[in-house]
Amino acid sequence: MLTKPLYSTAGYTVVFISFFASYSATIVHAALFNYSNIVEAIKNTVIPSRRKERLTDVHYRLISKYSEVPQWWYGLVFLGSTVMAFIALTVYVPEAPKWVCPYSEQALISYSYLRREYPLSSSSRWVC
């Protein structure tokens, strides 16, 4: 299969290359300037005994003053988002099939299941 060569302007080429350069520069900058913090966070995540030692983080102390949100709030927000999604789909895109909404809701259910299995809240005692 023959393909045509890519013809682009010089400005577009410079922008394209600078995007890739900025991605690489971001990763290299984070690795060079925050290497010790990154390694420490990985160790705290992997080794369970280190997690409990590091609970003196200022953010953990501040957030521990607040109580956890009840689970029924999440159900209420989920129900409200489902109703609003069906209304928006019916009003703004009437030709779209209505089975599109359950697929997006299934993605939300999967996400909430993963959040429950691998929590990142203050009560989970994970320190990153």
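Each value in this text was obtained by applying a stated rule to the coordinates, not by laboratory testing. Note that the structure is predicted; figures quoted are calculated from it, not measured. Neighbour counts are summed over all protein chains in view; Cβ atoms, including those assigned to glycine, are modelled from backbone coordinates with ideal geometry.
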In nm, spacing of pseudo-spin labels at residue 8 and residue 93 (7 Å Cα→C-beta vector): 2.9
Chymotrypsin sites (Phe, Trp or Tyr not before Pro) within the range 1-98, DSSP loop, no more than 12 other Cβ atoms inside 10 Å: 7, 66
Rounded FRET efficiency, nearest 0.05, which uses the C-beta distance separating residue 109 from residue 69 and R0 of 25 Å: 0.90
